[in-house]
Amino acid sequence: MNTHYDLVIIGGGAAGMMAALQAKRTAPEFNTAILEKEPRPGRKLLATGNGRCNIANRYAAKEHYFNAAGRCPAFVQPALNAYPVPVILARFAELGLLTKEEDDGKYYPLGDQAAAVLDTLRLHCAACDIPIITECAADSITPGFTLDTSQGRLHAGAVILAMGGVASPQLGTSEGFAGMLRPLGHRATDIYPALTQIKTAEPLPKAVQGVKFKGSVTLAADDAPPMTDSGEVLFTATGISGPPVFQLSREVSRRCRAGAQPTLLLDMLPRISRTELLAELARRRTLPFALADCLSGLLNKRLGQVLLRQTTPHKLDAPAAALTDGDLHRLADAIKAQRLTAQGVAGWRSAQVMAGGLELKDFDSHTLQSRRCPGLFAAGEVLDICGDCGGYNLTWAWSSACLAADSAVRFLRRTR
Ligand SMILES: Cc1cc2nc3c(=O)[nH]c(=O)nc-3n(C[C@H](O)[C@H](O)[C@H](O)COP(=O)(O)OP(=O)(O)OC[C@H]3O[C@@H](n4cnc5c(N)ncnc54)[C@H](O)[C@@H]3O)c2cc1C
């Protein structure tokens with residue numbers, strides 16, 4: 001292994017490979033290497049978007065990003081402005097990866113394969129003679145730069161930190177980033193799992209485990225405006241899952257860690273108003289059916305029966321006519337505003353991203369250079385940036401990687 005490089009990138013994930021390609025593109029004269037502690041680079045990319053990779057989102061802007069304290073950090077904007085989504089997609093197209101837009105501004109590879117994204121990055125790194133040194137974990141960095149790795153000591157003129165976060169450890173993660181950076185004066189925020197399932201207290205989810213509905217989930221709060229998201233919701237043995245749940249999970253995770261047990265409201269029929277639903281339920285009460293069948297065609301049958309048991313005292317073989325006005329109101333509430341008490345979120349293994357990371361105050365958002373250690377840059381999830389579900393995290397990885405690479409090249413040209 002060569003022991004001297006102009007630029008060393010720690011982490012062979014989305015941000016690391018993109019940063020290496022960008023550095024090579026702008027400064028082919030600099031020799032760049034990627035260190036990857038796993039046997040293969042980019043394992044997490046393969047799992048993205050359920051194997052399809054939601055590669056970017058048209059609407060990427062600071063409103064879709066949050067720091068550990070739950071606020072939208074202006075920090076993301078310079079990178080997103082310097083490398084907006086159309087530029088990133090054009091870059092991928094140049095590399096041979098074409099994309100298509102789906103609902104809500106989400107972009108996917110034209111061939112619907114996450115593996116194509118990884119192949120594109122990996123093959124171009126190889127074509128540009130950028131070594132990806134696998135099974136090589138960076139253990140420590142000293143300014144200048146000297147890196148101690150699991151394969152020995154390396155020297156570099158500049159370093160980009162692209163070692164990602166702690167989420168989904170089975171796909172390769174970075175447990176040690178805070179300890180590695182502490183000797184350089186870098187601080188890390190509290191970290192917690194995000195974009196994951198929410199655990200709830202009530203028996204309902206377990207009773208209808210596996211049932212899905214297209215609806216909305218609202219996170220109610222006394223001290224802040226409610227947050228609502230819509231889409232497919234799945235009941236699980238311990239709570240709820242699905243895209244709208246993932247979207248709210250970061251905030252639920254943050255509040256539960258502060259000791260709260262926030263309330264979630266599920267609307268299982270958002271297309272129908274409560275008044276319309278009451279009228280429909282009243283009409284069904286007049287039909288010659290048993291209660292067990294009276295919600296058929298409106299809700300999943302098992303879900304409907306569990307809700308009838310939850311809200312009425314009648315047996316399911318009683319006639320629909322047994323429903324009282326009070327029953328109808330309770331049923332309408334159970335369908336349109338089912339209350340669940342969040343008790344936390346699923347752990348790191350099922351989380352898509354890490355909320356929290358390296359403290360943003362220690363980096364200049366216009367260059368992504370460390371304010372503590374010149375020549376050190378950071379990109380991607382290792383920073384205290386967590387994006388919404390929908391391609392926002394990869395957008396941040398690509399844009400921040402390109403900006404960090406440009407800045408590292410400028411630094412090397414100045415100091416060489
Ligand atoms: C199941 C799943 C699905 C997802 N789907 C999407 C999606 O569709 N769209 C989206 O936008 N986002 C998605 N994400 C999130 C997205 O994958 C991440 O935000 C993104 O990969 C972060 O890129 P990164 O390069 O910063 O980190 P990573 O991709 O995690 O890469 C970091 C790399 O650094 C390596 N590393 C860590 N420490 C060291 C060290 N000390 N030395 C050497 N190497 C090290 C790791 O092994 C890893 O390979 C998903 C995540 C998961 C887990």
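Derivation of every value follows stated rules applied to the coordinates shown; laboratory data play no part. Bear in mind the structure is a predicted one, so any value in this text is a computation, not a measurement. Cβ placement follows ideal geometry from the backbone for every residue including glycine, while neighbour counts extend to all protein chains displayed.
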- Express the C-alpha Rg of segment 1-149 as a ratio against the empirical globular expectation 2.2 N^0.38 Å, rounded to two decimals. 1.11
- Using a ≥ b ≥ c from the Cα gyration tensor of segment 208-286 (square roots of the eigenvalues), is it rounded, prolate or oblate, where a/c under 1.5 gives rounded and otherwise the larger of a/b and b/c decides, a/b for prolate? prolate
- Taking the Cα centre of each part, how many Å lie between segment 221-265 and segment 81-127? 31 Å
- Note on the structure: Non-local residues with an amide H under 5 Å from the amide H of GLN369, with H modelled 1.01 Å from N and Pro and chain starts lacking one, are ASP364
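Based on the Cα gyration tensor of the chain, what are the three equivalent ellipsoid semi-axes, each the root of five times an eigenvalue, rounded to whole Å and given largest first?
On the way: eigenvalues 477, 82, 59 Å².
So the three semi-axes of the chain are 49, 20, 17 Å.
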- Message: Can you tally the lysine pairs in segment 197-346 where the Cα-Cα distance is under 22 Å and the two residues are eight or more apart, or on different chains?
- Response: 13
- Item | Distance in nm between pseudo-label sites at ARG372 and ALA126 (7 Å out along the Cβ direction from Cα) | 3.8 nm
- Hey, if you put +1 on the Cβ of every Lys and Arg and -1 on every Asp and Glu Cβ in the chain, which of THR32, ALA321, ALA90 ends up farthest toward the positive end of that dipole? ALA321
- Can you run phi through the Karplus equation (6.51, -1.76, 1.60; θ = phi - 60°) for segment 281-296 and list ³J(HN,Hα) in whole Hz, with x for Gly and Pro? 5, 5, 5, 5, 4, 8, 7, x, 10, 7, 3, 3, 10, 6, 9, 4
- Item | Taking only Cα atoms of segment 197-346, radius of gyration then Dmax in Å | 15.7, 51
- Sort ASP384, ASP333 so that the residue with the fewest other Cβ atoms within 10 Å of its own Cβ comes first and the one with the most comes last. ASP333, ASP384
- Counting other C-beta atoms within 10 Å, which of VAL306, VAL245 has the fewest, and how do the rest follow? VAL306, VAL245
- Item | Table column - 3J(HN,Hα) (Hz), segment 302-317, Karplus curve with 6.51, -1.76, 1.60, x for Gly and Pro | 5, 4, x, 5, 5, 5, 5, 5, 5, 10, 10, x, 7, 6, 5, 8
- Task: Fewest Cβ neighbours within 10 Å first, please rank TRP398, TRP348 accordingly.
- Result: TRP348, TRP398
- ³J(HN,Hα) across segment 115-121 via Karplus (A = 6.51, B = -1.76, C = 1.60, θ = phi - 60°), whole Hz, x for Gly/Pro? 4, 5, 5, 4, 4, 4, 5
- Message: If amide hydrogens are placed 1.01 Å from N in the peptide plane, which non-local residues have theirs closer than 5 Å to the one on THR200?
- Response: GLY239, ILE240, GLN343
- Note on the structure: segment 197-346: relative contact order from alpha carbon pairs under 8 Å, six or more residues apart, as a whole percent, is 32 percent
- Placed amide H near ARG52: partners under 5 Å, 5+ positions off or other chain: ALA114
- Message: Please report the antiparallel percentage of the DSSP beta bridges confined to the chain, to the nearest 5.
- Response: 75 percent
- Note on the structure: With no solvent term and unit scatterers on the alpha-carbon positions of segment 270-368, Debye gives log₁₀ I(q)/I(0) at q = 0.13, 0.19 Å⁻¹ of -0.56, -0.90
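Would you calculate a helix-derived [θ] at 222 nm for the chain, using -39,500 (n - 2.57) for each DSSP H run of n ≥ 4 and dividing by the full residue count, to the nearest 500?
-9500 deg cm²/dmol
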- Of the residues ARG271, ARG302, ARG187, which exhibits the maximal mean-square fluctuation in a Gaussian network model of the chain defined by a 10 Å Cα contact cut-off? ARG271
- Note on the structure: Any trypsin sites (Lys or Arg not before Pro) in segment 30-116 that lie in a DSSP loop and have at most 13 other Cβ atoms within 10 Å would be ARG71
